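Participant: Structure provided below as C-alpha cells; questions to follow.
The values are calculated or read from the model by the stated rules, or taken from the named source; none is laboratory data. Predicted model, so just to flag it, every value in this text is computed and none were measured. Neighbour counts run over all protein chains shown; Cβ positions are idealised from the backbone, glycine included. Side chains included, ligands, DNA and RNA excluded: accessible areas come from the protein's heavy atoms. Shrake-Rupley method; radii C 1.70, N 1.55, O 1.52, S 1.80 Å.
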Amino acid sequence: MYIEKLNLINFKNYEEADLQFSPNINIFLGDNGAGKTNLLDAIHCLSLTKSAFHSNESYNIKKHERFFSLLATFRKENKALTLQYDLQSGQKKVFRCNNVPYERITDHIGKFPVVLIAPYDTDVFREGSEERRKFFDAIFSQIDSHYLLQLISYNQLLKQRNALLKQFAESGRCDDILLESYNERLLPLNASIAGLRQKYLDQYIPYFMEHYQAIAEKREAPSLQYQSTVLSNHFEDQFRKNKSKDLVLQRTTLGVHRDDVEFKIDEVALKTFASQGQQKSFLIALKLAQFDLFRSALQTTPILLMDDIFDKLDDFRIGKLIQMVQEGRFGQVFITDARPERTEYFFQQLQREMRIFTIENGNVQEK
Amino acid sequence: MQFSSRLIEEAVGEVSKLPGIGKKTALRLVLHLLKESPDKTLRLSDALTNLRTNIRYCSCCHNISDTELCDICSSPRRDKQVICVVEDTRDVMAIENTHQYHGLYHVLGGVISPIERISPADLTIDSLLERIRNEQISEVILALSPTMEGDTTAFYLTRKMKEFPIKITTIARGIPMGGELEYTDELTLGRSIQARIQYES
C-alpha cells in the first residue's frame with residue numbers, strides 16, 4: 001500500500017499544497033519549522049483519523065482559518081482509493097473513503113496502517129504505565145477492531161463505576177446490587193482485554209527481539225513483560241474484595257486500566273539505568289516490531305514515517321535503518337531532514353527510486 | 001446575534017433552548033409566528049400552558065396520561081399479567097404502533113447513569129417492584145435500548161426482581177427486517193450469529 005497523491009488545504013502552516021509521491025522513498029528537506037513534520041502528520045491523520053502530536057484536532061487548522069481539508073489517493077492491491085478528511089472548527093470531523101463518509105470513524109482504523117518513528121518520543125519509557133498502555137493499545141486496536149470496541153466499552157463502564165463510587169462516598173451509602181451490575185459487566189471485559197493483550201504481545205515480542213539484536217551495538221538481553229493483576233486466578237475475588245478500598249479512593253483500583261508492560265535490558269529496568277543509546281535502540285525496535293506485526297496481521301505493508309531520525313540517532317543505527325531500506329524491508333518510506341548534504345550522503349549509494357522535496361515556509365518544491 | 005427588539009430576543013432565547021433548535025431556526029420560528037394571525041400564537045401558547053399544567057402521569061405505569069390511570073392500564077382488553085419495561089413514553093408509542101403487544105407497560109423515566117447523576121432512586125424502579133409484589137404478574141419484558149446504560153439498568157432490574165417467581169425476558173436483538181446482511185454492523189451481526197434460533201417453517 002502506498003500514497004500516490006496528497007493535497008492539503010489550510011493544514012498547519014500549509015495554505016495549499018499538492019504532492020505526488022514515489023512508492024519507494026520520499027524525502028522532505030527544509031529548515032526547522034518549515035513544515036516537514038506537518039506533512040508526516042497529515043499522512044498520520046489520514047491513516048489514524050487523528051494527529052500524532054496533539055489530541056485537539058482543531059490545532060491542525062492553519063492560523064486564522066476556519067477549516068482544513070486533506071485529500072489523498074492511496075493505492076492498495078492495485079486499486080486507487082481516495083481518502084478525505086475535513087474538519088471545520090467547532091464541528092465534527094468528516095472522514096470519507098471514495099467519497100462515502102464513514103458512519104463510524106473507528107471503521108477506518110487499521111485499513112491504512114502507518115508507523116511513525118520519532119526518536120525524541122521517549123515518553124513511552126520515561127512516563128508512567130499510562131503511556132505504555134496507550135502505545136500498545138494503539139497498535140492492537142489497529143489489528144483488531146474488536147479489541148478497540150472492547151476498550152471503548154470498558155472505559156465507559158469504568159467511568160460510570162467510578163462516578164458511582166464517588167456518589168456512594170458522598171452519600172455514605174452503598175447500593176451493592178447496583179455496584180454488582182457494573183462488576184458483572186467489567187469482569188468479563190477485563191478477562192477478554194487482558195487475554196488479547198497477552199496474545200498480541202506474544203506475537204509482537206519475537207519481532208521486537210529480532211530488531212533489537214540487529215540494531216544494538218553489543219549483545220544484550222532486552223525483555224518486554226506484560227504485567228496485569230487480571231491474569232491471576234483470584235482476580236474476580238480480589239476485584240470484589242477491593243470494594244472497600246475502591247470506596248475510600250472513589251475509583252476502581254483493579255483492572256486492565258492499571259496494566260503495564262515492563263521494559264528491561266539485562267534484567268535492569270530501562271527507565272532508570274539504560275543509556276541514551278540503549279533507549280534509542282529500544283524505541284526503534286518497538287516501532288519496527290509494530291511495523292512487522294501490522295504487516296503480518298493486516299496483510300498489507302504499512303507506510304513508514306521517519307521524523308528527524310538523522311538528528312537524533314548516531315551513524316551506526318542510521319546505517320542499520322538505511323540498510324533495511326536498501327534491502328527492501330519496507331514499502332513506502334517518508335523521511336524528514338534539516339540538512340540536505342547529510343541525507344545525500346546516506347542515500348547516494350541507494351539503488352532505489354526516490355523523490356526529494358524541499359520545503360520552505362509551507363511551500364513544497366520537488367527537487 | 002443583534003436584535004432590533006428585546007421582545008424578540010427574549011422569545012428567541014426561550015425557543016432556542018429546545019433540543020435541536022439553534023438561534024437561527026428559533027428566529028425563523030418567532031418571525032413566522034409574528035407574521036401569522038395573533039390567535040395562532042395564542043392557541044400555541046395555550047396548548048403549551050395546558051400541557052404543562054394539566055399533564056399527568058399514570059399512577060400505575062408512569063406513562064404520560066390525561067387521567068389518573070392511563071388508557072392502557074385501565075383497558076379491560078389488555079393482558080394484566082405481563083409488564084413491558086421501557087425507558088420513556090416514546091418507546092411505549094413505538095411498541096404500540098407494532099400492534100404486537102397486548103400487555104401493560106412500565107415507564108422507567110430514564111436509564112441508570114452515575115455520570116449524569118441518574119441513580120435508581122430517580123427512576124420508577126421501586127414502583128415497578130411494588131407492582132410485581134402486589135399484582136398477579138407472570139412475566140416482565142425488558143425493552144431497553146441496547147446501550148451500555150440500558151444494559152446496566154436491565155442487569156440491575158433483573159437482580160432486583162430475582163426474588164419474585166416471574167419470568168424475566170428481554171427483547172431480541174438482531175438483523176433489521178428488510179435489511180441487507182452485508183450492511184449490518186459487525187456487532188449486531190456477530191450477536192445474531194451467536195444467539196441464532198431454531199428455524200421454524
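Participant: Looking at region B:138-149, which of the residues that are outside any strand (DSSP E or B) and modelled with pLDDT of 95 or more is farthest from the other protein chains (Cβ to nearest Cβ)?
Facilitator: Going through region B:138-149, the residues outside any strand (DSSP E or B) turn out to be B:138, B:143-149.
Applying the additional criterion that residues be modelled with pLDDT of 95 or more yields B:138, B:143-144.
Working: B:Ser138: 23, B:Ala143: 18, B:Leu144: 13 Å.
Among those residues, the one meeting the criterion is B:Ser138.
Participant: Of the residues A:Gln91, A:Gln20, which is free of Cβ contacts under 8 Å to residues at least 12 places away in the same chain and open to solvent by 10 Å² or more (accessible area, probe 1.4 Å)?
Facilitator: On the way: A:Gln20 fails: free of Cβ contacts under 8 Å to residues at least 12 places away in the same chain.
Result of the check over A:Gln91, A:Gln20: A:Gln91.
Participant: Name the residues in region A:155-178 that are more than 10 Å from chain B (Cβ to nearest Cβ) and open to solvent by less than 40 Å² (accessible area, probe 1.4 Å), would you?
Facilitator: Result: A:Leu158, single match.
Participant: With (1) assigned to a strand (DSSP E or B); (2) closer than 30 Å to B:Thr152 by Cβ; (3) among the hydroxyl-bearing types (Ser, Thr, Tyr) as the list, and A:Thr73 as the residue in question, which single condition is left unmet?
Facilitator: It is condition (2) that A:Thr73 fails.
Participant: Moving on to the next point. Among (1) open to solvent by 20 Å² or more (accessible area, probe 1.4 Å); (2) farther than 19 Å from B:Thr169 by Cβ; (3) of a type in the set (Ser, Thr, Tyr); (4) without any contact (Cβ under 8 Å) to a residue 40 or more places away in the chain, there is one condition B:Thr158 misses while meeting the rest; what is its number?
Facilitator: Evaluating B:Thr158 over (1) open to solvent by 20 Å² or more (accessible area, probe 1.4 Å); (2) farther than 19 Å from B:Thr169 by Cβ; (3) of a type in the set (Ser, Thr, Tyr); (4) without any contact (Cβ under 8 Å) to a residue 40 or more places away in the chain leaves (2) as the failure.
Participant: Of all residues in region A:223-236, which are within 12 Å of A:Leu187 (Cβ to Cβ) and open to solvent by 90 Å² or more (accessible area, probe 1.4 Å)?
Facilitator: Within region A:223-236, just A:Glu236 meets the criteria.
Participant: Please pick out the residue among B:Arg90, B:Arg173 that is under 30 Å from A:Tyr102 (Cβ atoms), open to solvent by 50 Å² or more (accessible area, probe 1.4 Å) and assigned to a helix (DSSP H, G or I). Spell out how you get there, then give the answer.
Facilitator: Numbers: B:Arg173 fails: assigned to a helix (DSSP H, G or I).
The match here is B:Arg90.
Participant: Taking A:Ala191 and the conditions (1) over 23 Å from the mean Cα position of the chain (by Cα); (2) at pLDDT 90 or above; (3) within 14 Å of chain B (Cβ to nearest Cβ), which numbered condition does it fall short on, given that it satisfies the others?
Facilitator: (3)
Participant: If the requirement is being aliphatic (A, V, I, L, M), out of contact with any His (no Cβ under 9 Å at 6 or more places or on another chain) and facing chain A (nearest Cβ under 10 Å), which of these qualifies: B:Ala154, B:Ala195, B:Ala172?
Facilitator: Working: B:Ala195 fails: facing chain A (nearest Cβ under 10 Å); B:Ala172 fails: facing chain A (nearest Cβ under 10 Å).
Exactly one residue qualifies, and that residue is B:Ala154.
Participant: Here's another thing I want to ask about it. How about region A:29-79: which of its residues are among the aliphatic types (A, V, I, L, M) and open to solvent by less than 50 Å² (accessible area, probe 1.4 Å)?
Facilitator: Our first condition is that a residue be among the aliphatic types (A, V, I, L, M); within region A:29-79, this holds for A:29, A:34, A:39-40, A:42-43, A:46, A:48, A:52, A:61, A:70-72.
Within region A:29-79, A:Leu29, A:Ala34, A:Leu39, A:Leu40, A:Ala42, A:Ile43, A:Leu46, A:Leu48, A:Ala52, A:Ile61, A:Leu70, A:Ala72 qualify.
Participant: Could you look through region A:179-188, keep only residues that are in contact with a Leu (Cβ under 8 Å, 6 or more places away or on another chain) and at the interface with another protein chain (Cβ under 8 Å from one of its Cβ atoms), and pick out the one that is most open to solvent (accessible area, probe 1.4 Å)? Quick ask: steps written out before the conclusion?
Facilitator: Our first condition is that a residue be in contact with a Leu (Cβ under 8 Å, 6 or more places away or on another chain); within region A:179-188, this holds for A:179, A:182, A:185-186.
Okay, now just the ones that are also at the interface with another protein chain (Cβ under 8 Å from one of its Cβ atoms), so A:182, A:185.
On the way: A:Tyr182: 2, A:Arg185: 55 Å².
The selected residue is A:Arg185.
Participant: Which condition from (1) surrounded by 14 or more Cβ atoms within 10 Å (Cβ to Cβ); (2) under 21 Å from A:Leu179 (Cα atoms) is the one that B:Ser65 breaks?
Facilitator: (2)
Participant: Restricting to region A:109-154, count the residues that are part of a helix (DSSP H, G or I) and away from every other protein chain (no Cβ under 14 Å). Before you say what the answer is, go through the steps one by one.
Facilitator: We begin by selecting, within region A:109-154, every residue part of a helix (DSSP H, G or I); these are A:123-126, A:129-143, A:145-154.
Imposing the further condition that a residue be away from every other protein chain (no Cβ under 14 Å) reduces the set to A:123-126, A:129-143.
Selection size over region A:109-154: 19.
Residues checked against (1) modelled with pLDDT of 95 or more; (2) within 30 Å of A:Arg329 (Cβ to Cβ):
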site: A:Leu149; (1), (2): no, no
site: A:Arg161; (1), (2): yes, no
site: A:Ser171; (1), (2): no, no
site: A:Glu210; (1), (2): no, yes
site: A:Ala216; (1), (2): no, yes
site: A:Val230; (1), (2): no, no
site: A:Asn233; (1), (2): no, no
site: A:Lys243; (1), (2): no, no
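Participant: With respect to the numbered conditions (1) among the polar types (S, T, N, Q); (2) open to solvent by less than 80 Å² (accessible area, probe 1.4 Å); (3) more than 30 Å from B:Leu34 (Cβ to Cβ), which one is the sole condition not fulfilled by B:Asn97?
Facilitator: Unmet condition: (2).
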